[in-house]
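The values are calculated or read from the model by the stated rules, or taken from the named source; none is laboratory data. Quick caveat: nothing in here was measured; it's all calculated off a predicted structure. Cβ coordinates were reconstructed from backbone atoms using ideal geometry, including for glycine residues, and neighbour counts include every protein chain displayed. The area values use the complete protein model at the heavy-atom level, side chains included, leaving out ligands, DNA and RNA. Shrake-Rupley method; radii C 1.70, N 1.55, O 1.52, S 1.80 Å.
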Amino acid sequence: MTASVLQQRPRPRRSRQRNVRAILILVVPFGVLFLAFYLTPIFYAVWESLQVIHRDGTYGPPTVVFGGLSQYVLVFQNSEFWASIGRVLLFGVVQVPVMLVLALVFALLLDSPLLRGKRFFRLAFFAPYAVPGVIAAIMWGYLYSPSLSPFKLVTSNVDLLSASTVLWAIANVVTWVYVGYNMLIIYSALLAIPTEIYEAARLDGAGQFRIAWSIKIPLVAPAIILTAVFSIIGTLQLLTEPEVFRQFTSSISSTFTPNLLVYSTSSVPNFNLAAAFSVVLALATFVLSFVFLRLTNRRGLAS
């Protein structure tokens, strides 16, 4: 009787205060950094996009006034912005599946008991991701350039920096850099699969290919979806490679990708219109990622 009464007694107030204090110690630093470096820039960009520069006369001093949605009207009327959106969407439709298929194949190879020298291949596949994006773009730019490339037999016959091929030349650079990063995510998911499942499949007579197709790939599908979402976001934020390639070719304009257009607009300077471009691009990225997740979740539930 006494033990049950003691168990039903509420916790002392001191222990509750300790728990609240511990939670605050863990949460508050993250909350402050999240507010300072994530939410505040977003709110500031939205606020800037609602401002316009007003002048009294032709040579009057500029003043910033509230302009409502006038900057967004200019965004939706800007054909170059939407052309750049279409360009990176075409880029993503081709590049992202190729990159993720390669990442999946490399991860399956590393997880296969038939592969020797796994440490070497794991490092070799991941090494390009350790190269900074600017350095990788410069390196590939030299390889593509007909006058600088050591592979002049190829570059003299095929102009990899022409207007019709430069987008896919950039896609090759992005794939080379990020396939190892995505491979590690998928490979980590493969390592989390219980080995008992493989042993049961082998007892049933399944070979390595059958195990990979029927067991491994379905179980790592969430990791593949995660890498796909990251890749979609990265595709719409494409900036480094096109900006570097502008030094090697005139086929890339200042409006080649949405982020290049935002950068060039802010350099005019027209920070308010650049902020409006950024907000619309962020919303487009969110909508595209959300739609992709909903479609993949529906297929997962249907199966």
Review point. Ignoring ligands, DNA and RNA, what accessible area per residue does region 69-149 give at 1.4 Å, in Å²?
Key: 56 Å²
Point to revise | Charge dipole of region 71-302 about the Cα centre (unit charges at C-beta), most positive-ward option of 285, 71, 207 | key: 207
Practice item. Would you please put 188-201, 104-117, 160-173, 270-283 in order of how densely packed they are, using the mean number of other Cβ atoms within 10 angstrom per residue and starting with the highest? Key: 270-283, 160-173, 104-117, 188-201
Check your understanding: Just how far, in whole angstrom, is region 25-48 from region 259-295 if you go by their alpha carbon centroids?
Key -> 19 Å
Point to revise | Highest average packing first - 243-249, 24-30, 43-49, Cβ atoms within 10 Å | key: 243-249, 43-49, 24-30
Review point. Roughly speaking, what % of Cα-Cα pairs in the chain are separated by over 34 Å, rounded to a whole number?
Key: 45 percent
**Study point:** Fraction of the pair-distance distribution of region 212-281 above 21 Å, Cα-Cα pairs, percent
**Key:** 46 percent
Practice item. Give me the Kirkwood hydrodynamic radius of region 151-303, using the inverse of the mean 1/r over all pairs of distinct Cα atoms, in Å to one decimal. Key: 19.0 Å
Study note, to complete from the structure: Mean-square fluctuation maximum in Gaussian network of the chain, Cα pairs under 10 Å, restricted to 229, 73, 262, hits 73
Exercise for review: Post the alpha-carbon centroid distance, region 241-255 to region 119-194, in whole angstrom.
Suggested key: 17 Å
Review point. Given +1 on the Cβ of Lys and Arg, -1 on the Cβ of Asp and Glu, and no further charges, what dipole in debye does the chain carry about its Cα centre, rounded to the nearest 20?
Key: 1520 debye
Check your understanding: Considering the chain as a Gaussian network with a 10 Å cut-off on Cα pairs, which listed residue, 77, 208, 17, attains the greatest mean-square fluctuation?
Key -> 17
Review point. Among 22, 83, 36, whose mean-square fluctuation peaks in a Gaussian network model of the chain (Cα, cutoff 10 Å)?
Key: 22
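Counting helices only, and only those DSSP H runs with n ≥ 4, report the 222 nm mean residue ellipticity of the chain as the sum of -39,500 (n - 2.57) divided by its residues, in deg cm²/dmol to the nearest 500.
-22500 deg cm²/dmol
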Review point. Which whole-percent values make up P(r) of region 92-160 when all C-alpha to C-alpha distances are grouped in 10 Å steps starting at zero?
Key: 17, 29, 36, 17, 1
